[in-house]
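Inspection log for the structure reproduced underneath, given as structure tokens.
Every read-out reported here was derived from the displayed coordinates using simple, explicitly stated rules and does not represent laboratory data. A quick note: this is a predicted structure, and the numbers were derived from the prediction, not measured. Heads up, the Cβs are rebuilt from the backbone with ideal geometry, glycines too, and the neighbour counts pull from every protein chain shown.
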Amino acid sequence: MKNMFCFQCEQTAGNVACTARAGVCGKQDHTANLQDELIGALIGLAKKSRGTADEKTIRLVLEGLFTTVTNVSFDDDSIRAKIEEVKQAGGASPFPMARIWDADEDIRSLKALILYGIKGMAAYAYHAYALGYSDDAVNVFFLQALEALGREDFGMDELLPLVLETGRVNLACMELLDKANTESYGTPVPTTVPLSVEKGPFIVISGHDLHDLKLLLEQTKGKGINIYTHGEMLPAHGYPKLKAYPHLKGNFGTAWQSQQKEFENIPAPVLFTTNCLMPVKDSYRDRVFTTAVVAYPDMVHIGEDKDFTPVIEKALELGGYNETHPMTGINGGSTVTTGFGHGTVLGVADKVIEAVKAGAIKHFFLVGGCDGARPGRNYYTEFVKQAPDDTVILTLACGKFRFNDLDIGEIGGLPRIMDMGQCNDAYSAIKVAIALAEAFDCGVNDLPLTLVLSWYEQKAVCILLTLLHLGINNILLGPSLPAFVSPNVLSYLREHYALTPITTPEDDLKRILGN
Ligand code: SF4
Ligand code: SF3
């Protein structure tokens, strides 16, 4: 008897599926089942909307999909409320998700790729929407994809193109978010970010939503409260209009999977704007606040008015540390850098091209993606440490916390590790790769560039689909391959894209660099 069925993330039980009373992420069976019901209701809504994406429908679709991303919502009440809203808007009967989970494994696999792809993409569209940016073609695709999930007459021939289409549309969606972020806050510039925390009251803000950060910075202005980013919020330090706030001080802690340890008895509140929220421990349960679609039972939720007063009051009440609190990255470094988006990297394109032509740069690695709890993930730290001195490491998303505090030197005035931003800033990496290919008059696959990716949740799925849509070959993926990719779908991906699981840093480096 299954209590729940979920296999959407990398830590899924036994690398097969979470089917017991709770998932490995701490999501309870009843919550998982409500999330399925919400997706089923959205499929019903998409059917009824017949491809017309009005404002209300789109809001429901973005919020609904984003709510079900791993480590976003653990709260039955808010999911139930969402289901009601969707049912009322849709009228149509919800699609029973068990029909997908129990389908032929290849069909299930392709539908999972589409569903998880649009879940990740919904998060990006949501952040863009919060800044007033929206794209009709992207919106309409959400409805088409949802509708396809409910089509039981669809086979491989219909679903496979839709998988790649998800990747194509996600590229447009990441471009939209890039435009939203850079037009709102300026083009990111290289920035050194301290990891220590200064004395006095402070607030830690986690997640991807720059708009929430901006509002928090405004509301804490002149109040003697410092703001520290956490996890995927780190790249915010590179944006000129966010950097301009003197009380945006530094970054607290490392990637999401360490939060239960890092937040233990923290003398400050923590605000979650997106994933990755883990089950909250007693030692800090009075100081976790959520906003947007993030929710956890009994935690204070900041609603749509974005009045952060409860968070501010908590910061003043807790008071912060009495003196500077020294903190380091996982390799002992005391600062990290960020802000190497496409604007900056392409701004020094001439330098980069020269360095490649002169042989000073032999190879580029994009080592990025999500971080996670599995021990095998120190592969990425080791990979970066062992990469030869004439190679450059581009990185993005929270996987960078495995190595972003390492000092591995410079090449021709450029740092060897360049943090391009959040996971959605994969868009920056794509822009840089395309520009380099043009400069060298070759295809992206002919560049001395290898993608070494780590995945955890569904945003990584939409990015992977984008890379496949662009025809990028020889991607190394780890720490394990997704459980929802069936053997047949996997052999298709290996055959057509040479998608390869990681092995050891030594062997992979040897194979890539050909020595
Ligand atoms: Fe399991 Fe991941 Fe689903 Fe959580 S999100 S229930 S860990 S597969
Ligand atoms: Fe990280 Fe959770 Fe995926 Fe944006 S925040 S990448 S794991």
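Placing pseudo-labels 7 Å out from each Cα toward the beta carbon at I353 and T309 gives an inter-label distance of 5.7 nm. Using only alpha carbons, segment 413-462 has a radius of gyration to Kirkwood radius ratio (Rg to Rh) of 1.00.
Helical runs assigned H by DSSP (4 residues or longer) give the chain a calculated mean residue ellipticity at 222 nm of -13500 deg cm²/dmol, each run adding -39500 (n - 2.57) before division by the residue total. With R₀ set to 35 Å, the beta-carbon distance separating N3 from N378 gives a calculated FRET efficiency near 0.60. Sort segment 311-386 into rounded, prolate or oblate with this rule: let a ≥ b ≥ c be the square roots of the eigenvalues of the Cα gyration tensor; rounded if a/c is under 1.5, and if a/c is not under 1.5, prolate when a/b is larger than b/c, oblate otherwise. It comes out prolate by the Cα gyration axes. Taking label positions 7 Å along the Cα-Cβ direction at both E410 and V24, the computed distance is 4.1 nm, reported to one decimal. Each peptide among 429-439, 148-158, 32-42 gets the average number of other Cβ atoms lying within 10 Å of its residues, and from highest to lowest they stand as 32-42, 429-439, 148-158. For S428, neighbours were defined as the other residues whose beta-carbon sits under 11 Å from its Cβ, and their charges (Lys and Arg +1, Asp and Glu -1) total -3. Could you sort out which of K47/K111; K223/K243; K179/K223 sit more than 27 Å apart by Cα distance in this structure? Pairs exceeding the cut-off: K179/K223. Available extension along the chain between D76 and R511 is 151.8 nm, counting 0.36 nm per residue and deducting the alpha carbon span.
Between segment 146-180 and segment 346-400, how many Å separate their Cα centres? For segment 146-180 versus segment 346-400, the Cα centre distance is 29 Å.
Length gained on full extension, R285 to N15: 94.2 nm, using 0.36 nm per residue less the C-alpha separation. Scalar couplings 3J(HN,Hα) for segment 204-213, obtained by applying the Karplus form with A = 6.51, B = -1.76, C = 1.60 to θ = phi - 60°, are 9, 10, 10, x, 9, 7, 5, 5, 4, 4 Hz; x denotes Gly and Pro.
Cross-link partners for K214 among the aspartates and glutamates, with Cα-Cα distance under 13 Å and sequence neighbours closer than 8 places in the same chain left out: D307.
Shown for the chain is the translational diffusion coefficient from the Stokes-Einstein equation, using the Kirkwood radius over Cα pairs, a temperature of 25 °C and a viscosity of 0.890 mPa s: 106 µm²/s. With the highest mean first, a sort of the peptides 132-140, 9-17 on other beta-carbon atoms found within 10 angstrom per residue produces 9-17, 132-140.
Computed as a quarter of the hull surface, the mean projected area of the alpha carbon convex hull for segment 79-206 stands at 12.1 nm². Between the listed residues Y129, S49, G303, the Cα displaced farthest toward the positive end of the dipole of the chain, a dipole computed from Cβ unit charges relative to the Cα centre, is found at G303.
Each Lys or Arg adds one and each Asp or Glu takes one away; over the other residues whose Cβ falls under 10 Å from the Cβ of K362, this sums to -2.
A simple spin-label model places the labels of D153 and L490 3.3 nm from each other, with each point 7 Å out along Cα-to-Cβ.
Evaluate the charge dipole of the chain about its Cα centre and quote only its size in Debye, nearest 20, assuming +1 on the Cβ of each Lys and Arg and -1 on the Cβ of each Asp and Glu. Charge dipole of the chain: 400 debye, to the nearest 20.
Classified by the C-alpha gyration tensor, segment 417-515 has a rounded form. Its axis ratio a/c, with a ≥ b ≥ c, is below 1.5.
Under a 5 Å amide H cut-off, with hydrogens placed 1.01 Å from N, V300 pairs with T290 among residues at least 5 apart or on other chains. Taking a temperature of 4 °C and a viscosity of 1.567 mPa s, what whole-number D in µm²/s does Stokes-Einstein yield for segment 238-291 with Rh from Kirkwood over alpha carbon pairs? In µm²/s, the coefficient rounds to 103.
Counting only DSSP beta bridges with both residues in the chain, what percent are antiparallel, rounded to the nearest 5? So the antiparallel bridges amount to about 20 percent of the total. When both segment 1-19 and segment 268-286 are represented by their alpha-carbon centers, they are found 24 Å apart. Find out how many positive minus negative residues lie around D298, taking Lys and Arg as positive, Asp and Glu as negative, among other residues whose Cβ is under 11 Å from that of D298. Residues near D298 contribute -2 overall. Maximal additional length on extending the E105-K223 stretch stands at 36.9 nm, based on 0.36 nm per residue less the C-alpha distance.
Which of the aspartates and glutamates could a cross-linker span from K199 if the Cα-Cα distance has to be under 15 Å and same-chain partners fewer than 8 positions apart are dropped? Hits, sequence-local ones excluded: E317, E323. For segment 349-473, what class follows from the C-alpha gyration tensor (a ≥ b ≥ c being the square roots of its eigenvalues): rounded when a/c is under 1.5, otherwise prolate if a/b is larger than b/c, else oblate? Judged from the Cα gyration tensor, segment 349-473 comes out oblate (a/c at least 1.5, b/c at or above a/b).
Phi angles across segment 15-29 convert, under the Karplus curve 6.51 cos²θ - 1.76 cosθ + 1.60 with θ = phi - 60°, into 3J(HN,Hα) values of 6, 10, 5, 8, 10, 9, 6, 8, x, 4, 6, x, 6, 6, 4 Hz, Gly and Pro given as x.
The peptide list 477-489, 395-407, 174-186, put in order of mean Cβ contacts within 10 Å with the highest first, becomes 395-407, 174-186, 477-489. For L451, the residues whose modelled amide H falls within less than 5 Å of its own, excluding neighbours fewer than 5 places apart on the same chain, are L366, L476.
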